[in-house]
Amino acid sequence: MRGGRENGEFKLQTLRNIAAAPSYGHNGCFKTLKKIVQFCNTRDVEKWPPPEVPENVNTEEMGNLVLTGQLEDNIVAFMGALTDGYVPPNPR
């Protein structure tokens, strides 16, 4: 719904089994956990594609987190630890 109150917003998926997800981000443009963590860390200080809806960009909690590559890797490893092999039933 373009121009509506929720324009550009989306619900975040649970972190349970996040490492098994095929892609990340509201439009699936990130193919690895490492890439989306890098984006959250450096969105405001490195070259990334422009936001689809600039009005909803979170400028307080992400974008320039100043995380080292090792800290990014630690976050990815933590998220990997949340994977337990559970496969949800097919919603038919």
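Taken together, the values in this text are just the output of simple stated rules run on the coordinates, not laboratory data. Being a predicted model, the structure only gives us computed values, none of them experimental. Note that each Cβ is placed from the backbone with ideal geometry, even for glycine, and that neighbours are counted across all protein chains shown.
Here are the numbers for the structure shown:
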{"item": "Residue order, fewest to most surrounding Cβ atoms within 10 angstrom, among V76, V57, V66", "result": "V66, V57, V76"}
{"item": "Built amide H within the under 5 Å cut-off of F30, gap 5+", "result": "Y24"}
{"item": "Dimensionless Rg ratio for segment 37-81, taking C-alpha atoms and the 2.2 N^0.38 Å reference", "result": "1.25"}
{"item": "Qualifying aspartates and glutamates (Cα of each under 18 Å from Cα of K31; at least 8 residues distant if same chain)", "result": "E72, D73"}
{"item": "Residue order, fewest to most beta carbons within 10 Å, for K35, K11", "result": "K11, K35"}
{"item": "Extension gain (nm, one decimal) between N27 and Q70, 0.36 nm per residue minus Cα-Cα", "result": "12.8 nm"}
{"item": "Those chymotrypsin sites (Phe, Trp or Tyr not before Pro) in segment 27-92 that DSSP places in a loop and that have at most 14 other beta carbons within 10 Å", "result": "Y86"}
{"item": "Dipole magnitude of the chain about its Cα centre (Cβ charges: Lys, Arg +1; Asp, Glu -1), debye to nearest 20", "result": "420 debye"}
